[in-house]
1. How do HIS49, HIS180 stack up against each other in accessible area, from largest to smallest, with a 1.4 angstrom probe?
2. When the helices in the chain are scored as -39500 (n - 2.57) per DSSP H run of 4 or longer and the sum is shared across all residues, what 222 nm value do you end up with, to the nearest 500 deg cm²/dmol?
3. Taking only protein heavy atoms into account and a 1.4 Å probe, give the accessible area per residue of segment 23-221 in Å².
4. Can you pull the accessible area of TYR186 for me, 1.4 Å probe, Å² to the nearest 10?
5. Between ARG194 and ASP50, what is 0.36 nm times their sequence separation minus the Cα-Cα distance? Round to one decimal in nm.
6. Please calculate the 1.4 Å probe accessible area of THR21, with all protein chains present, and give it to the nearest 10 Å².
7. Report, by chain and number, residues whose modeled amide H sits under 5 Å from the one on HIS100, excluding near sequence neighbours (fewer than 5 apart, same chain).
8. Using the crude model of +1 on Lys and Arg Cβ and -1 on Asp and Glu Cβ, and no other charge, please compute the dipole size for segment 23-221 relative to its Cα centre, in debye to 20.
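The values are calculated or read from the model by the stated rules, or taken from the named source; none is laboratory data. Since we're looking at a predicted model, the values are computed, not measured. We place every Cβ from the backbone using ideal geometry, glycine too, and count neighbours over all the protein chains shown. Keep in mind that these areas ignore ligands, DNA and RNA; they rest on the heavy atoms of the full protein, side chains included. Shrake-Rupley method; radii C 1.70, N 1.55, O 1.52, S 1.80 Å.
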Amino acid sequence: MPKSAPSPVPSQGPSPEATGTLARRGLMFIMSSPSGAGKTTISRMLLEHDPHICISVSVTTRPPRPGEVDGKDYHFVSQAEFDRMVGEEEFLEWAQVFGHCYGTPKAQVKAGLKEGLDYLFDIDWQGTQQLYQKLERDVVRVFLLPPSIDELRRRLTGRGTDSPEVIAGRMERARSEISHWDGYDYVVVNDDIRTCFEKVTKILEAERMRRARQTGLIGFVRELMRPDENS
Ligand code: ADP
Ligand code: 5GP
């Protein structure tokens, strides 16, 4: 997945002009789900099909899975480096998940939002709560549910990335993760992948049009309301 760096770097997302005719503040599009429900898959589809959103690359102490690329899927760091980043307040939020630390680097996201860039976050409910507390008006929270617990198990097994012990741990945690469904603005059941993707896309489109995000509206409306010199 295309992701951003943990330290301040020039933003690589779309220009504000590309996202519409009126200036707009960016949004933070959070997708959470129990592990295996499909948020990575839906995130990838979104990033492929929508040039106006980029992903916030998390920092983690978890070792890379086969095929994962440092700087793209995650920034893989040691525990000592993670602790240093916590100490220097370099995270917007961080949490422990499955025994490893995960955090959202602060610098690029804050600057990007002002420029009208949208960011996608694949983070858990703890991170979602922290981001909502800090940046409530920028946050859109989407929770994906599997169609059934059996299907969740099938997906975790079929993904082929985790050992049976790890899968058992993820299944054990699934119920407690699902219990946080009501901390989200939208809940989508990921049964058919295409239908789920369409629903998520519609949520993103509608959220972009919220009046409060359209910072260019004030000038635009003022112009519309100017007395007509030709009448
Ligand atoms: P998560 O990121 O939530 O842990 P993934 O996106 O990795 O989940 O999906 C877990 C597995 O389920 C992957 O192998 C993926 O291809 C598959 N999958 C995702 N969504 C669906 C779906 N709607 N129907 C069938 N398989 C799916
Ligand atoms: P995985 O190890 O399967 O990639 O991710 C495990 C869990 O950590 C997932 O629920 C994922 O959403 C969550 N996660 C990934 N990055 C972050 C992050 O930066 N912050 C938080 N709070 N959770 C994260």
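1. From most exposed to least exposed: HIS49, HIS180.
2. Per the formula, -12000 deg cm²/dmol.
3. So segment 23-221 comes to 48 Å² accessible per residue, rounded to a whole number.
4. 70
5. This chain segment gains 50.4 nm when fully extended.
6. The value for THR21 is about 140 Å².
7. Amide H to amide H, under 5 Å and 5 or more residues apart or across chains, HIS100 pairs with nothing.
8. For segment 23-221, the charge dipole is close to 520 debye.
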